[in-house]
Every structure is written in structure tokens, then in C-alpha cells.
Amino acid sequence: MTIYDIFNGDADGICSLHQLRLADPAKSVLVTGVKRDISLLAQVLAEVGDQITVLDIAMSKNREALMLALERGAQVQYFDHHTSGDIPVHPQLTTFINTCPNICTSLLVNNYLNGQFSIWAVVAAFGDNMLESAIHTSKTLQLTSTQLDALKELGECINYNAYGESLQDLYFHPAELYQVMHNHRDPFTFIHEEPTFETLKNGYIEDIALAQKLKPEVESTTGAIYFLPDAPWSRRISGVFGNLLATAFPLKAHAILTKRTNGGFVVSVRAPLATKSGADKVCEQFETGGGRKGAAGINCLPEDQFGRFNQIFNSTFNHDA
Ligand SMILES: [Mn+2]
């Protein structure tokens, strides 16, 4: 019998697993990748009795592999907040899926664990740019504002680490980052004792300084589109940059298009924070797109589709305004 922990490589995925394995320690096979690498369940060939936990990756993109794992006799526990499609009913499948825009996977896990490790759900909510949820969840923890700021920075840095076209772009493999974090029940000992956080923080500061020099390619009263060049720093910063813009201009939608090495763009779309809707609708109209209402993406937008993207982006968010 094998235990598989399959999780998104971002702060939400990592903090979800961290909470679960603090509550229920187990030797497991870790399956993860860059943030956009979400077809993770297909990497596992399950056997009868295997236990699979899936965290923070859309069921719609893993459905076939999920059905196969169930058919092969695995038990699957699935926590997620992305657009799921129809959720299959199966005796070996337990799901905790909520696509409400103020809920991230770590908050679902936090509920499941009755708040045992909620400080890590706070870190994750900050990482997923859900500031209100993070602050709300932190209320019972009696943190100082300095501590809260430190958790926000931690969530942002872990989230930042997950962005890249391939693992080579990242500072740490998400499985490695998880393993280092998992030695710490207390996020503040992780921050103060591990050099990991310092590395991420410095990388983040360098990359964001480069992004902030850019001007939008297309700008209107309801949205702005930025192009980032084909470079590791821009692939790392694209998602975080989108979150920063969304926070700075809450009435506007934002799209960050990062040039891919082999042509086309990786796209991050952030709906206006004020409405938190429409990002998934825009991205789902493209073959490699998906996500959630507030934040979504397209893995590969061919260059000749930019005009169509621009049009859909503008009409979606103009319509919402
Ligand atoms: Mn998430």
C-alpha cells in the first residue's frame, strides 16, 4: 500500500499538505511541480488500497486520471477550490471542493482539521492573495501586526517560488521546500532558522524591481495587459506581479503575458479584486486555460491569438464594470 500526496507547488498546495501531515504524519510519495503543472494525478499508477490525497489542483484537469485511480482500487481524498466540472460520486472518493472566491484549499483543510494548524492556512491565504480571508482566519491566533506582516511575506515568497515554466526557473523544487517547511510546526521558526526564506525573499525583491519598470502594453479604465520578456525572472514573478497589480488597482482587471521560450505566452489573469469574477471565463475560452473566478491562467497562448485574447479580456471586464 502506497500513500501519495499530490499537491500544487504553490503556497496553498504546500500549506495544505503541511497541515494534513502535521495532523496525520505518514511516509508518502510526494507528487508536485511548478504551479502550472496541474495534471499531476496522471503521474501516479495506483494499486488496490493505495491512499491518494490531492490538493489544490483542478479536478477538471485530472478527471480521467482520477477515474482510473478509483477504478484501480485507490482511496482518494480531494481538496480544492478551482473550477471542478462535475464531481463524480464514488464510494472510494471523498471531496472537499468549494469554488467560493474567498476560500483557498488550505482553508478547506483548516476546516477539516478544526483549525488545528490554522496559522498555516493564514500563510496560504496570503499566498493566494486572499487578504481578507487571511486576516479573518488569523483573528483567533492573537498575532501582532509585525507577525501578521511576516506571515504575509512568507505566503507571498512560497507562492513566488512556484512560478516558472519549468523546475529550472525555481529557487527550490516545491517538494524540497515542503520538506524543509515540514520540520516546522511554527512558521516563525521556519522564517528565522532556515536560510530558505531569505533566499526567496531576496529573489523576490530582485525580480519585482525588474517587473515594476515595465509599462502596460494595453491599458483602459477597466483593465491593463503587461508583456514580460522570455527570462527566468519574468516567469518567476508573473503571478506575484499580477497579485500586486490587483491589490494596487482593485477596480481593474490585469493580464500578465510572459513570452515562452518556444513561442507564445504564458498568461496570468487577475479579475478586479472588487468583483473577483471573470478570470476563469476569459481563460477557459483558450485550449490550455483554466483557473478560478478571481485568478486564472493560460499555459500557452499562441502569438496569433493575442488579438482574440485582448478582445475577450476587454469585453469580459467591461461587461462586469
Ligand atoms: Mn490555491
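The values are calculated or read from the model by the stated rules, or taken from the named source; none is laboratory data. Please read all numbers here as calculations on a predicted model, not as lab measurements. Please note: Cβ atoms are built from the backbone with ideal geometry, for glycine as well, and neighbour counts cover all protein chains shown.
If a residue has to be within 12 Å of the ligand (Cβ to nearest atom) and touching an Asp or Glu at 6+ places or on another chain (Cβ under 8 Å) to count, how many in region 105-124 make the cut?
Residues flagged as within 12 Å of the ligand (Cβ to nearest atom) and touching an Asp or Glu at 6+ places or on another chain (Cβ under 8 Å) within region 105-124 amount to 4.
So is ILE52 over 22 Å from ASP186 (Cα atoms), more than 16 Å from the ligand (Cβ to nearest atom) and in contact with a helix residue (DSSP H, G or I) (Cβ under 7 Å, 6 or more places away or on another chain) or not? Step through it out loud before you land on a result.
Values: over 22 Å from ASP186 (Cα atoms): yes; more than 16 Å from the ligand (Cβ to nearest atom): yes; in contact with a helix residue (DSSP H, G or I) (Cβ under 7 Å, 6 or more places away or on another chain): yes.
Yes, satisfied.
For region 1-86, which strands (runs of 3 or more DSSP E) that fit wholly inside it have 1 or more residues that are closer than 22 Å to TYR171 by Cβ? It would help to see each step written out before you state the result.
Numbers: elements: 3-7, 29-31, 51-55, 75-80.
Answer list for region 1-86: 3-7, 29-31, 51-55.
Limited to region 61-81, what total is found for residues that are modelled with pLDDT of 95 or more and within 18 Å of the chain's Cα centre (by Cα)? Reasoning before the result, please.
First pass over region 61-81, keeping only residues modelled with pLDDT of 95 or more: 62-81.
Add one more test, that the residue is within 18 Å of the chain's Cα centre (by Cα), and what stays is 62, 78-81.
Count: 5.
Pick from region 1-40 the residues that are in contact with an Asp or Glu (Cβ under 9 Å, 6 or more places away or on another chain) and hydroxyl-bearing (Ser, Thr, Tyr): which of them is farthest from the ligand (Cβ to nearest atom)?
Here the residue is THR2.
Would you check if ALA58 is of a type in the set (A, V, I, L, M, F, W, C), within 12 Å of the ligand (Cβ to nearest atom) and in contact with a Cys (Cβ under 8 Å, 6 or more places away or on another chain)?
Working: of a type in the set (A, V, I, L, M, F, W, C): yes; within 12 Å of the ligand (Cβ to nearest atom): yes; in contact with a Cys (Cβ under 8 Å, 6 or more places away or on another chain): no.
Criteria not met by ALA58.
Which is over 13 Å from LEU40 (Cβ atoms), among the polar types (S, T, N, Q) and buried (at least 18 other Cβ atoms within 10 Å of the Cβ), of ASN62, ASN110?
Values: ASN62 fails: over 13 Å from LEU40 (Cβ atoms).
Criteria check complete, one pass: ASN110.
Of the numbered conditions (1) within 14 Å of the ligand (Cβ to nearest atom); (2) among the polar types (S, T, N, Q); (3) modelled with pLDDT of 95 or more, THR95 satisfies every one except a single condition; which is it?
Exception for THR95: condition (1).
Quick one: in region 126-146, which of the residues that are touching a residue at least 12 places away in the same chain (Cβ under 8 Å) and among the hydroxyl-bearing types (Ser, Thr, Tyr) is nearest to the ligand (Cβ to nearest atom)?
Checked region 126-146; the qualifying residue nearest to the ligand (Cβ to nearest atom) is SER133.
Given (1) surrounded by 15 or more Cβ atoms within 10 Å (Cβ to Cβ); (2) in contact with a Leu (Cβ under 9 Å, 6 or more places away or on another chain); (3) under 27 Å from ILE298 (Cα atoms); (4) modelled with pLDDT of 95 or more, where does LEU40 come up short, assuming only one miss?
If we test LEU40 against (1) surrounded by 15 or more Cβ atoms within 10 Å (Cβ to Cβ); (2) in contact with a Leu (Cβ under 9 Å, 6 or more places away or on another chain); (3) under 27 Å from ILE298 (Cα atoms); (4) modelled with pLDDT of 95 or more, just (2) comes out false.
Every residue in region 1-13 that is closer than 16 Å to GLN77 by Cα and buried (at least 24 other Cβ atoms within 10 Å of the Cβ), please. Break it down stepwise before answering.
If we filter region 1-13 for residues that are closer than 16 Å to GLN77 by Cα, which is where we start, we get 1-8, 13.
Those that are closer than 16 Å to GLN77 by Cα and buried (at least 24 other Cβ atoms within 10 Å of the Cβ): ILE6, PHE7, ASN8, GLY13.
Every residue in region 176-216 that is outside any helix (DSSP H, G or I) and within 21 Å of the chain's Cα centre (by Cα), please. Working first, answer last.
Taking region 176-216 as the starting set, the residues that turn out to be outside any helix (DSSP H, G or I) are 182-186, 194, 212-216.
Scanning region 176-216 gives a single hit, HIS182.
Test ALA211 against the criterion of being among the aliphatic types (A, V, I, L, M), crowded, with 17+ Cβ neighbours inside 10 Å and touching a strand residue (DSSP E or B) at 6+ places or on another chain (Cβ under 6 Å), and give yes or no. Let's see the steps before the verdict.
Values: among the aliphatic types (A, V, I, L, M): yes; crowded, with 17+ Cβ neighbours inside 10 Å: yes; touching a strand residue (DSSP E or B) at 6+ places or on another chain (Cβ under 6 Å): no.
For ALA211, the condition - among the aliphatic types (A, V, I, L, M), crowded, with 17+ Cβ neighbours inside 10 Å and touching a strand residue (DSSP E or B) at 6+ places or on another chain (Cβ under 6 Å) - is not met.
Which helices (runs of 4 or more DSSP H) sit wholly inside region 217-321 and have at least 3 residues that are more than 23 Å from SER60 (Cβ to Cβ)? Can you show your working first?
Working: elements: 232-248, 279-283, 306-320.
Here the list reads 232-248, 306-320.
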